[in-house]
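Read the structure below first, then the notes.
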Amino acid sequence: MQGKPYRYGGNTPRGFDCSGLVQYSYSLAGIDLPRSTEGLWKYSSAIATRNLQPGDLLFFNQEGKRSSHVAIYVGRERFVHAPSTGKRVSIGNLDSAYWRRHLESVRRPFIQ
């Protein structure tokens, strides 16, 4: 989905917000996850950063809002996310001072 536009409330390739991208991506694997960042938080459990695996969820605090942004870890300190209005789905890096500073929690979805 890299390069797809950001769209508030979006959860299709026509445009994604952060939680819509997570929900859509997991749905491609046949996994049904909640639509909101709050729902994704509740439907996952905290793990240690050292135990990160591709598919884990990264929750960030932005603009003083707790868990206001979610991304999917893809490995090697990288994650895919739908950043914000005017931007496109892209790869971020946990080595970035910005993302390290705003990382709130690393979580693994409950998958049955």
### Task
Could you tell me whether residue 19 is touching a helix residue (DSSP H, G or I) at 6+ places or on another chain (Cβ under 9 Å) and either surrounded by fewer than 17 Cβ atoms within 10 Å (Cβ to Cβ) or of a type in the set (Ser, Thr, Tyr) (or both)?
yes
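Just to check your reading of the model, which residue among 47, 91, 72, 31 is crowded, with 16+ Cβ neighbours inside 10 Å and among the β-branched types (Val, Ile, Thr)? If you could, list the steps in order and put the result at the bottom.
Details: 47 fails: crowded, with 16+ Cβ neighbours inside 10 Å; 91 fails: crowded, with 16+ Cβ neighbours inside 10 Å; 31 fails: crowded, with 16+ Cβ neighbours inside 10 Å.
When all the criteria are applied, what remains is 72.
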## Note on the structure
Scanning region 50-61 residue by residue, those over 14 Å from residue 93 (Cβ atoms) and either hydrophobic (A, V, I, L, M, F, W, C) or surrounded by 15 or more Cβ atoms within 10 Å (Cβ to Cβ) (or both) turn out to be 55, 56, 57, 59, 61
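Any read-out appearing in this document is the output of simple, stated calculations on the displayed coordinates, not a laboratory observation. This is a predicted model, so every value here is computed, not measured. Ideal geometry is used to build each Cβ from the backbone, glycine not excepted, and the neighbour counts take in all protein chains shown.
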